[in-house]
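What follows is a short report on a single structure.
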Ligand code: ADP
């Protein structure tokens, strides 16, 4: 049994989006929600679905929760319920528990009880959209740590037909072009002689403040 199995608890917008993407990627996913109506409406799109209250230990046990490799607690507004569900998933032996936090304090509580990954979808999407708004060529943004990020940017007109050496991003901005994507394919770790064309995509890694400087001065 090679493939990972997932259980998504709470089939609201976030849980559904995550669950459906996992299904699309070919994984087996069980969807759990305490609302019968919700399970009736969307349960058929999962590999398995169950009506269950995630704070009911016996119920979770009877669903064989401990056999899942990864459990995602996607309960929206109720912090207490989300924390209880996360504790139960950990205690019942789910290998990896991921939980959505609504506030910083909620996130801290989830970390304290041993949740493996705490996510803040609204906060992270807000940050991402803000970056895209101020940098029109910015396609995507991944925070690596508090100090470092990777960004994906469209090559602007001013860099059309210029080489990586012409841009000289490492000494000018302390940023490294880690990949270039063109219609022909992806070049990982491009050399100084690789040439960029307007509309290609460059993937840049570096310190946040230097990436921001890069965005301001180049793009
Ligand atoms: P989103 O903001 O992602 O849309 P919602 O808060 O609207 O999230 O949805 C969360 C889902 O979690 C709802 O469908 C709700 O029925 C479900 N839910 C809430 N509490 C529990 C619980 N104790 N056990 C299982 N599911 C729950």
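The values are calculated or read from the model by the stated rules, or taken from the named source; none is laboratory data. Predicted model only: the values in this text are computed from it and were never measured. Reconstructed Cβ throughout: ideal geometry from the backbone, glycine too, with neighbour counts over all protein chains shown.
Tell me, yes or no, whether the stretch 134-149 has at least one residue that is under 30 Å from residue 106 (Cβ atoms), in contact with a helix residue (DSSP H, G or I) (Cβ under 6 Å, 6 or more places away or on another chain), surrounded by 14 or more Cβ atoms within 10 Å (Cβ to Cβ) and without any contact (Cβ under 8 Å) to a residue 60 or more places away in the chain. Yes, the stretch 134-149 has at least one match. When the stretch 31-48 is filtered for residues that are surrounded by 18 or more Cβ atoms within 10 Å (Cβ to Cβ) and more than 12 Å from the ligand (Cβ to nearest atom), only 46 remains.
List the strands (runs of 3 or more DSSP E) that sit entirely inside the stretch 162-219 and contain at least 3 residues that are in contact (Cβ under 8 Å) with a residue 24 or more places away in the chain.
In the stretch 162-219, the matching strands (runs of 3 or more DSSP E) lie at 176-182, 201-207.
Residues that are within 13 Å of the ligand (Cβ to nearest atom), assigned to a helix (DSSP H, G or I) and buried (at least 19 other Cβ atoms within 10 Å of the Cβ): does the stretch 95-104 have at least one? No, because not a single residue in the stretch 95-104 is within 13 Å of the ligand (Cβ to nearest atom), assigned to a helix (DSSP H, G or I) and buried (at least 19 other Cβ atoms within 10 Å of the Cβ).
Taking the conditions exactly as written (over 17 Å from the mean Cα position of the chain (by Cα) and either assigned to a strand (DSSP E or B) or modelled with pLDDT under 95 (or both)), does residue 1 satisfy them or not? Judged against the criteria, residue 1 is a match. Of the strands (runs of 3 or more DSSP E) lying entirely inside the stretch 6-75, those carrying at least 1 residues that are free of Cβ contacts under 8 Å to residues at least 60 places away in the same chain, closer than 23 Å to residue 107 by Cβ and in contact with a helix residue (DSSP H, G or I) (Cβ under 9 Å, 6 or more places away or on another chain) are 28-33.
Report whether or not residue 116 is more than 23 Å from residue 208 (Cα to Cα) and more than 16 Å from the ligand (Cβ to nearest atom). Walk me through how you get there before you give the answer.
Details: more than 23 Å from residue 208 (Cα to Cα): yes; more than 16 Å from the ligand (Cβ to nearest atom): yes.
Answer is yes for this residue.
Among the residues of the stretch 76-85, what is the count of those that are without any contact (Cβ under 8 Å) to a residue 12 or more places away in the chain and assigned to a loop (DSSP other than H, G, I, E, B)?
Restricting attention to the stretch 76-85, the residues satisfying the condition of being without any contact (Cβ under 8 Å) to a residue 12 or more places away in the chain are 78, 80.
Then drop every residue that is not assigned to a loop (DSSP other than H, G, I, E, B), which leaves 78.
Here the count works out to 1.
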